[in-house]
Every structure is written in C-alpha cells, then in structure tokens.
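**Student:** Got a structure here, written out as structure tokens. Questions coming.
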Amino acid sequence: MSDHTTAEHTGRIADLLAAHPWVARARPAPVRVVPHPDAVTAAPEPGPLMREHLEQWAEVYEWTYETAEGRHADDLDLSGWRASDTGAPLPEAHMRDWVDRTVDLVLAQRPRRVLELGCGTGLLAHRLHPHLDGYAGTDVAQVAVDRLTAAGLSRTAFVRAAAHETAAPRVRDAMDAAFGLGALPDCVLLNSVTQCFPDLAYLTTVLHGALSAVEDGGTVIVGDIRHSGLLLDHFARLERARDPEADGTAIAARAAAAAEADEELSFTPAAVAAALADRPRPVRMSVHARTMAEDTELTRYRYDVVLRVGPHTDGAGTRHVRRTPWDGHRGSDVPEALRDALVGGPVVVHGIPNALLHDAPGAVTPYALREALRGADAAVLLDAADPRTLAVAAPADCAPAAAEGLPAPSGPVAHEPFPLFVRRRLPEVLRDHLRRAEPDTIPPAITVVDVIEDGHA
C-alpha cells in the first residue's frame, strides 16, 4: 500500500471515528479519540458511557443477590461482603457491628421518614423501619427489590431505581406509599453505595438530587465512604499480606499500581464539600469515623458524612463551640481523659491520633473512643483534612459546620474509576463500529485522550 493510499485509509478511519456520536474528535496514525461530552456526562441524565458503567454494577449486584451466597437470614443477607485480602466472607459478628453502627448514626438524627438510595438486601431497612413512620428504598437490582417487597415490612415501599433518579415518578410513588401522599423524607440515606459511582460528577448529581428531595431541617447521610487519602495505605497493607518478605520500595510500587487501577470510587470529605458548592439550600456537614470493634478495612479506611439541610432552627449552628487539642488531655485512661476534655462544652476535642493508622503518643482507636463515650451525648469524628486523626464532639449536635469552611486535604480529593472505564470501553465500541463500516479492515489500536491539539495528544 502506497503512502498516499495509507494516508487515505487512515484518514477514512479517523473520519469514521469522528462521526460516531460518542466521539468529539479523532486523529489518525496513531489513532486517538476524544470522548464526546454528551457520552460521558452525569447531568441532567447520565450519558451512554456513564450508563454502561452504572449498568455494569447493576448486573454485578443482580447476580450477587440472586446467588445469595452470604444470606444468613431474611434480615441478614451479607452476599458480596468479602475481605479484600483473603476473598473470604467478612465475619458475621463484624458485619452485625457494621450494620448497628450505621443504624445508630441514622437514628441519632431522629428521622421519621427515610428514603434509602441503594438499599441492597435490606440490612438497614429491616432494622430502621420499626422506628419510623415510613421507609422507602430504591435499588438497581430487581431481585433485591422483589425480596424486600415480599417481606411485607410495615410502612415500607421498594422500587427499582438508580441513585440519581430521586425525582423519577416511580420513586415518588414509592414515597407516597410509604410516607403518605406528597410527604417528603426527612432523611435521605446512601450507605455503602458511592464506591459504585463512576466519578465525582455523578456523586454531585446524586447529592443535589438528595438535597432537593429532603425537607428543610432534614439530613442526607452518606455512609461507608472509601477514603481516597487512605487508598495507598489500604493497598500497601494488602500487598504486604500477600508478600511479607518484600522490601518497602516494591510494596509501595505495587500499592501505587493497584490504587491507580482500582475500579471503585473513593473520595475525601473535601470532595463532598465541593459537590455542595452549588447546593440549592444551606448545608452543614459533619464527618464521622467508623467505630466498629474489629480492625478491618471497613473500620480503617471508611467514614460517614452527615449533611444537615436548610436553615438552622435549633441554634446549634450559631452557638460558640470551643476547640481543645487532645495533647493536653491524653493519658493512659481514655475515659478519664475524655471526661476532663469535655467539661464545659460545647466542645470539640481534636488531634486524636487513630491507633489503627498512627503509631503516636496518645493514639486511640475509634472503638475505644466510642466505648469511653458510652451513654454520653457525643460523636466520634474524623478529621476532614487528615484521615489518620480523630476528634470528639460533645454534644453530638455541635459537630456539623458549614461545608465551605472545610479544610482542604494535602493530596488528591478523589480516585475516580470512570476514566479507566472509558479508556477500556470506548475503543471496544469504536472497533466494532469500524468492523461494521469497513468489514475488510483490521481495526487499529485506539487510544482515548482528554484533548487533541494541533495533531498532538
């Protein structure tokens, strides 16, 4: 094939690719494409590539819940809950602790009507509904929706819907059935679902939908969030468990590669605050540590966020909250040190090293803090800027602060899996497109890039 013919051929391929609706621009030799914004957008509706990412997770959970390999009882279906290091099911006692801590966090907000986005097998629905006037749950897995509907839980309704579909008529119908005609939830709950989100743009869309759905004075709770600031720690721990004799440099390199290739979303509290920048109403935010007894990835590397929505009506947002460092109070007796530190509240005791992640004087586990505060009106918090550091707020309702005042982290605010998905999936789609358009042509390798300028990626 002559140079002229080759140029014509590669130009033809670039033209065919550029004509595909999922492509904004294409260049030949080597073939590089820029995704069309409409294909990867999150709002007002997910574009086709983002829908594929969401549907991929829906299929995973449909299969997981259908096989029900972790189903212990109607109210304790732990299907899909496995340890990252061994692949074995996480211990039942630990998972009960995990569920109970989330239930405690939700009920501490005193909700009456809960809308849960991504209710899964109903671990929370079974435990929350007796305390509520109504509970509505959505999930992407039809098998989960069908089983929960068949369970006949009082004052509940379940519907198949994705997390961004809070305004969909079928979701409104479920809320009408659970809450009463036209009633709004006073709590929107997303627990252990954000890891399946494509990116921060989709997270923002979901949060704005939740904030728009909840009534003034209510809360949006985002639970069991994977913290991107601890992602390298998580993978380094996994790599060390797999190869105890490896040197630190090798472990660090493997952990960095695993973190880069991770297919789940993780983000910092600062990413949540950024998502609220264009929020429709005032929001105060608190960041909570996971306080389970057992040292697992669910305790070490995850956290919860509580968003209080609407104008302050209880005075909690205007009163003075004293801040005191842990250094001045730490001692061998954690309960006594906390009692001394919390005198004269409202107060936030900050700078408490997390003993699960930090070998430092005065380090305490989140569980030890929870036990020391048993019976007290207090909350165990996570430092918004340093995930290795804890805090305690007393009373608990002095924890929320304006989202815009959140300190920025030192590193990236998120790890987003969607770009990895697009770089893998879009070339597959485009090669199929070329095979149909040019059956006798062997499709070339296709690289997805963010932008092409003057022939250079």
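**Student:** Give the stretch 28-56 a look and list any residue that's hydrophobic (A, V, I, L, M, F, W, C), farther than 19 Å from Ala168 by Cβ and within 24 Å of the chain's Cα centre (by Cα), or say none.
**Tutor:** Ala39, Val40, Leu49
**Student:** Can I ask one more? So Thr86 fits all but one of (1) farther than 30 Å from Ala379 by Cβ; (2) β-branched (Val, Ile, Thr); (3) in contact with a strand residue (DSSP E or B) (Cβ under 9 Å, 6 or more places away or on another chain); what number is the exception?
**Tutor:** That leaves (3) as the condition not met.
**Student:** Right, something else. Looking only at residues in the stretch 248-271 that are of a type in the set (D, E, K, R) and not in a helix (DSSP H, G or I), which one is nearest to Arg284 (Cα to Cα)?
**Tutor:** Here the answer is Glu264.
**Student:** For residues that are over 19 Å from the mean Cα position of the chain (by Cα) and aliphatic (A, V, I, L, M), tally how many sit in the stretch 215-253.
**Tutor:** Matching residues across the stretch 215-253 total 8.
**Student:** Got a sec? Which of Ala162, Ala136, Ala167 is under 20 Å from Asp216 (Cα atoms), touching a Leu at 6+ places or on another chain (Cβ under 9 Å) and not charged (D, E, K, R)?
**Tutor:** Within the list Ala162, Ala136, Ala167, the selection yields Ala136.
**Student:** Turning to a different aspect of this structure: Out of all the residues in the stretch 276-299, which are assigned to a helix (DSSP H, G or I) and surrounded by fewer than 21 Cβ atoms within 10 Å (Cβ to Cβ)?
**Tutor:** Glu297
**Student:** Count, please, the residues in the stretch 117-158 that happen to be at positive phi and touching a residue at least 60 places away in the same chain (Cβ under 8 Å).
**Tutor:** Going through the stretch 117-158 one residue at a time, the tally reaches 2.
**Student:** With under 30 Å from Pro37 (Cβ atoms), at pLDDT below 90 and open to solvent by 20 Å² or more (accessible area, probe 1.4 Å) as the only criterion, which of Asp440, Asp450, Asp359 stands out?
**Tutor:** From the options Asp440, Asp450, Asp359, the qualifying one is Asp450.
**Student:** Considering only the stretch 129-247, give the strands (runs of 3 or more DSSP E) lying wholly within it that have at least 1 residues that are open to solvent by less than 20 Å² (accessible area, probe 1.4 Å) and in contact with an Asp or Glu (Cβ under 6 Å, 6 or more places away or on another chain).
**Tutor:** Correct list: 134-139, 187-191, 219-226.
**Student:** Restricting to the stretch 354-390, name every residue that is basic (Lys, Arg) and under 17 Å from Ala341 (Cα atoms).
**Tutor:** Of the residues in the stretch 354-390, the ones basic (Lys, Arg) are 370, 374, 388.
Across the stretch 354-390, the qualifying residues are Arg370, Arg374.
**Student:** Only residues in the stretch 232-254 that are basic (Lys, Arg) count as the first member; pair them with residues that are part of a helix (DSSP H, G or I), Cβ under 6 angstrom, at least 6 apart or cross-chain, and list the lot.
**Tutor:** Matching pairs, first to second residue: Arg240/Ile251; Arg254/Glu239.
**Student:** Quick check, is Ala29 touching a Phe, Trp or Tyr at 6+ places or on another chain (Cβ under 6 Å) and assigned to a loop (DSSP other than H, G, I, E, B)?
**Tutor:** Answer is no for this residue.
**Student:** Could I ask something else about it? Would you confirm whether any residue within the stretch 401-408 is modelled with pLDDT of 95 or more, buried (at least 21 other Cβ atoms within 10 Å of the Cβ) and aliphatic (A, V, I, L, M)?
**Tutor:** Looking through the stretch 401-408, none of the residues is modelled with pLDDT of 95 or more, buried (at least 21 other Cβ atoms within 10 Å of the Cβ) and aliphatic (A, V, I, L, M).
**Student:** Moving on. Could you run through the stretch 29-56 and say how many residues are modelled with pLDDT under 95, farther than 24 Å from Ala141 by Cα and open to solvent by 50 Å² or more (accessible area, probe 1.4 Å)?
**Tutor:** Qualifying residue count, the stretch 29-56: 2.
**Student:** Mind telling me which of the residues Arg374, Arg425, Arg435 ends up being of a type outside the set (S, T, N, Q) and in contact with a Ser or Thr (Cβ under 9 Å, 6 or more places away or on another chain)?
**Tutor:** Arg435
**Student:** Can you find even one residue in the stretch 8-20 that is crowded, with 16+ Cβ neighbours inside 10 Å, hydroxyl-bearing (Ser, Thr, Tyr) and over 17 Å from Arg431 (Cα atoms)?
**Tutor:** No, there is no match, as no residue in the stretch 8-20 is crowded, with 16+ Cβ neighbours inside 10 Å, hydroxyl-bearing (Ser, Thr, Tyr) and over 17 Å from Arg431 (Cα atoms).
Yes/no matrix, rows are residues, columns are (1) open to solvent by 70 Å² or more (accessible area, probe 1.4 Å); (2) part of a loop (DSSP other than H, G, I, E, B); (3) more than 20 Å from Met292 (Cβ to Cβ); (4) free of Cβ contacts under 8 Å to residues at least 12 places away in the same chain:
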site	(1), (2), (3), (4)
Ala58	no, no, yes, no
Ser79	no, yes, no, no
His94	no, no, no, no
Trp98	no, no, no, no
Pro111	no, yes, yes, no
Leu115	no, no, yes, no
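The values are calculated or read from the model by the stated rules, or taken from the named source; none is laboratory data. From a predicted model like this one, the values you see are computed outputs, not experimental measurements. Reconstructed Cβ throughout: ideal geometry from the backbone, glycine too, with neighbour counts over all protein chains shown. Protein only, heavy atoms only, side chains kept; ligands, DNA and RNA dropped before computing areas. Shrake-Rupley method; radii C 1.70, N 1.55, O 1.52, S 1.80 Å.
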